[in-house]
Amino acid sequence: MTSPHDGDRFDWHAAEQDLTNPTATGPEAEVLDLDDARARRAPRPRPAGDTHFDMPLDETPQPAGMLVDPPPGAAGGRRPIIPANWSGWQNIKHSATEAAKLAGYRAGFHAVRAPWYSTQAAFWATVGAFRLTGRQLRWWWVAEQTGLRQAAADANDPAMWHKLHREVKATRAWRGVVLLAEALTLAVATPIAWATAPWWALTAGAGLAVAYLAHVGRPDDRPIITPATVAGRFRRVNPDIILRAYYAAGLGNPDKAHQRVEFGSTMARDPSGTGSQVSIDLPYGKTFDDAVKARGSIASGLDVAVSQVFITRDPSSHRRHTLWVADRDPLAQGAGRTPLLRCKPTDIWQPAPFGLDERGNKVAVDLMWNSILIGAQPRQGKTFAARSLALYAALDPYVKLTVLDGGGKPDWRKFALVADRYAFGLAMTRDGDPAEIVLEALREIKADVQDRYERLSKLPVDVCPEGKLTREIARDPKYGMPVRAVFLDEFQEYFDLGDISKEIASLLVYLVKVAPAAGVMFVDATQRPSGVGGGQVATQFISFRDNHQVRFSLRTGSWNVSDLVLGAGANSEGYDSSTLLPSYKGVGILRGASDATPTVRTYLADADDAEKILFAARKLREAAGTLSGMAAGENVAREIRDVLADVRGVFESKEPGLHWEHVADRLAARMPEHYADISPDAISAQLRALNVPSVGVKVRGVNRNGCRLTDLDLAINRRRTA
């Protein structure tokens, strides 16, 4: 069957343009005169004792970078006569709109605060009147000469003292006349102005007088008018500052030739224009790990926040790394709304948009062939991160969804519109016991995975070239092998349910290891990555957690927990999610998705956004004829039993055989609706009727009659080929 959506690929670039609608403006590229630059950078004589760590650097610019100090103009040293943002009608319109918005914002900001401004101005004007009067009196008294007369008296010089005294008397006399003239002018002019001047002139004059007196009266650190906007401020790094920081952090010694920190590239601006970067060669014997441990000291030496300093490993040498210093905290601002809000069909075979990294680059995650672990403290955006990937999978109408939320939060409830299997929380619902639904869903997925491997191995080479699921096979209904996506939130709850957790844990471990290669992907989230329970279930929890290829850790409580989510050794490589600030919502470290390990600000899709996307996803599935399972209103409860499949399901890993007593006990415990009263003899008879022989099986040193796993698998295969 061919779908009308097959050729409709999701255009992420167009999606983000629709949502943000930026106006691309910017100056033309500028050319730097290298001879001029070298001349400016030539070493100059320095005074003795002046320490300077500047060293000659390679003049070749780093690829895709810009010099820290941009040239003053375009080619020939000329700047554009008309700035780029005022050139062309679209740019003029955009710039005028932005200027009007800014002016309106400032006007509103100050209008709200005008009464407070007036109160402060009146108070400080009163203080200013007294201060101005004091200044005038000190000016009349010639207070600055008092010290000279005292010095003459201390030196016992009567002639000089009398000379100074005569001068001060004369000065006071004419300054007194000036002050008297000022007082008479004010006394006469004020009533005349009050009687004859228009109201607007009086208002303007009073305003100017109050403003001047308030300026005189207020302290320098107490401005009356608060700025509506604050200009951005960032430190420009240069070789001196970087070397100072590294030496202060104990990563080298400038006085020893073999202990000097050197540069492996020219200092460059990041292509995004949000920071500066340079390649650093540490002294021999110093390692990347040393730089990571000293990150806080380096930030202090650079006089920036730790959140602005990023150190990236260089694969060519363990003593080399790339230092990137952001102008401002790059993680404090969100990535914005998800591009999925266009509600266009997606393709699970293409990477899913996930967010922006610390440099503003788009980050996407491959869901196919992967299992993804998401871990964090509560209320850090863990569920939103997992749900954003689930929304992407939902918009591909050929993906069969299973959504299992052990926490029972509202965040996942709307997935009932599209999910083939779903279970929310642990309390009994009209759909049944959620724990039983989870168990049954995992059994069905395990059986499907085993069946897929069998069928894929038998397909012709021209249909299945590598023995793996392809996009064509997955979308062709005659094969019945659609891509499946399983989303588990708060999965630790399923490991702490008593006896039923044993089988759930066993199934999850099996599936996370085997299922992705069969086109069944897992995205699993937890706030308890350290594990739950004890014994075999606790061991299986650890095995399940550690078998995820891609890890995403939002803020955690300590570096130990961060390592549990990101994988062993992450902290030694400089990746510690416990250093993320509590204010960073939806921000985490992504490891294993690519060669890089970025810190990602995930796209936002709130409850309303998710509902809109899921309604669109349901319509896409209805149009493609792929709505199935519980979303389509089907009764997914077991109505008949499959003895071969059920007995096969009670075998755990590394169990070659089981006694009939053990088989009967496990069936009764796990599927009481069908096997509550089953006896060892009864199950033996039923399996022998299906060509599974009863043979001697040795379990923990005890030899009794039972069945072997190989015989069960042979019987299942015979039934399939019959």
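The values are calculated or read from the model by the stated rules, or taken from the named source; none is laboratory data. What you are looking at is a predicted structure, and each value in this text was computed from that prediction instead of being measured. For neighbour counting, all protein chains shown are included, and Cβ atoms are generated from backbone atoms with ideal geometry for every residue, glycine included. For accessibility, only protein heavy atoms count, side chains too; no ligands or nucleic acids. Shrake-Rupley method; radii C 1.70, N 1.55, O 1.52, S 1.80 Å.
Counting GluC sites (Glu not before Pro) as exposed when in a DSSP loop with at most 13 other beta carbons within 10 Å, what is the longest stretch of the chain free of them?
With a cap of 13 other Cβ atoms within 10 Å, the longest stretch comes to 60-465.
If you wrap a convex hull around the C-alpha atoms of the stretch 577-647 and split its volume per residue, what is the figure in Å³?
So the per-residue hull volume is 251 Å³.
Over the Cα atoms of the stretch 248-315, each weighted equally, I'd like the Debye log10 I(q)/I(0) at q = 0.14, 0.24 Å⁻¹, rounded to two decimals.
For the stretch 248-315, the Cα-only Debye profile gives -0.45, -1.27.
How many angstrom separate the Cα center of the stretch 347-362 from the Cα center of the stretch 576-628?
Cα centroid to Cα centroid, the span is 10 Å.
Give me a comma-separated list of calculated 3J(HN,Hα) values for the stretch 458-473, in order, Karplus coefficients 6.51, -1.76, 1.60 applied at θ = phi - 60°, integers in Hz, x for any Gly or Pro.
Values per residue, Gly and Pro as x: 9, 6, x, 5, 5, 8, 10, x, 10, x, 10, 4, 10, 4, 5, 5 Hz.
Any idea what log10 I(q)/I(0) is at q = 0.13, 0.18 Å⁻¹ for the stretch 112-234, Debye with uniform C-alpha scatterers and no solvent?
Debye curve over Cα of the stretch 112-234, log10 I(q)/I(0) at q = 0.13, 0.18 Å⁻¹: -0.78, -1.04.
Just the number, please: Stokes-Einstein D of the stretch 370-418 in µm²/s, Kirkwood Rh from C-alpha pairs, 10 °C, 1.306 mPa s.
D = 133 µm²/s.
Per residue, how much accessible area does the chain show when a 1.4 Å probe rolls over the protein heavy atoms, in square angstrom? Write down the numbers at each step before the final one.
Numbers: 37940 Å² over 722 residues.
Result: 53 Å² per residue.
From the phi angles alone, apply the Karplus equation (6.51, -1.76, 1.60; θ = phi - 60°) to the stretch 704-716 and give each ³J(HN,Hα) in whole Hz, x where the residue is Gly or Pro.
9, 6, x, 10, 9, 5, 5, 5, 4, 5, 5, 5, 5
Using only the alpha carbons of the stretch 668-722, what is the convex hull's orientation-averaged projected area in square nanometres? It would help to have the intermediate numbers written out before the result.
Working: hull surface 18.6 nm².
Seen from a random direction, the Cα hull of the stretch 668-722 projects 4.7 nm² on average.
What's the angle, to the nearest 10 degrees (0 to 90), between helix 89-141's Cα axis and the longest principal axis of the chain?
Computed tilt is about 40 degrees.
Based on DSSP, what percent of beta bridges with both residues in the chain are antiparallel, to the nearest 5?
Beta bridges within the chain, antiparallel portion: roughly 60 percent.
What residues qualify as long-range amide H neighbours of Leu604, i.e. H under 5 Å apart, gap of 5 or more or another chain, H built at 1.01 Å from N?
Gly336, Arg337, Thr338
When all protein chains stay in place, what accessible area (Å², nearest 10, 1.4 Å probe) is found for Lys169?
Approximately 120 Å² for this residue.
Quick check for you: which residues of the stretch 395-434 have the amide N under 19 Å from the point 7 Å beyond the Cα of Arg379 toward its beta carbon?
Label zone hits: 407-412.
Around Gly657, which amide H atoms from residues at least 5 apart in sequence, or from another chain, sit under 5 Å from its own amide H, with H modelled in the peptide plane?
Leu709
Please name which of Leu469, Ile192, Ala121 has its Cα lying farthest along the dipole of the chain towards the positive end, using unit charges on Cβ (Lys, Arg +1; Asp, Glu -1) and the Cα centre as origin.
Towards the positive end, the residue furthest out is Ile192.
With a ≥ b ≥ c the root eigenvalues of the C-alpha gyration tensor of the stretch 342-484, is it rounded (a/c under 1.5), prolate (a/b larger than b/c) or oblate?
In terms of gyration-tensor shape, oblate.
State the percentage of accessible surface on the chain attributable to carbon and sulfur atoms; use a 1.4 Å probe and exclude ligands, DNA and RNA.
56 percent
What percent of all Cα-Cα pairs in the chain falls in each 10 Å bin, counting up from 0?
For the chain, the binned pair fractions read 2, 10, 16, 16, 15, 13, 10, 7, 5, 3, 2, 1, 1, 0 percent.
Can you give me the C-alpha center-to-center distance between the stretch 663-722 and the stretch 171-208, rounded to a whole angstrom?
112 Å
Which of the lysines could a cross-linker span from Lys409 if the Cα-Cα distance has to be under 28 Å and same-chain partners fewer than 8 positions apart are dropped?
Lys344, Lys382, Lys400, Lys446, Lys502, Lys513, Lys585, Lys612, Lys619
Please work out the Cα center distance from the stretch 465-519 to the stretch 414-437, rounded to the nearest Å.
17 Å
Determine how large the accessible area of Thr203 is when every protein chain is in place; take a 1.4 Å probe and give Å² rounded to the nearest 10.
Result for Thr203: roughly 80 Å² accessible.
Dimensions of the stretch 378-453 along principal axes (Cα, Å, largest first)?
In descending order, the Cα extents are 39, 30, 22 Å.
What does the helix-only formula give at 222 nm for the chain: each DSSP H stretch with n ≥ 4 adding -39500 (n - 2.57), the total divided by the residues, and the result rounded to the nearest 500 deg cm²/dmol? Present the calculation step by step, with values, prior to reporting the outcome.
Details: 21 runs with 302 residues, N = 722.
After summing the helix terms and dividing by residue count, I get -13500 deg cm²/dmol.
By how many degrees, between 0 and 90 and to the nearest 10, does the Cα long axis of helix 607-624 differ from the longest principal axis of the chain?
In the chain, helix 607-624 runs at an angle near 40 degrees to the longest axis.
For the Cα atoms of the chain, what angle does the longest principal axis make with the long axis of helix 535-546, in degrees from 0 to 90, nearest 10?
60 degrees
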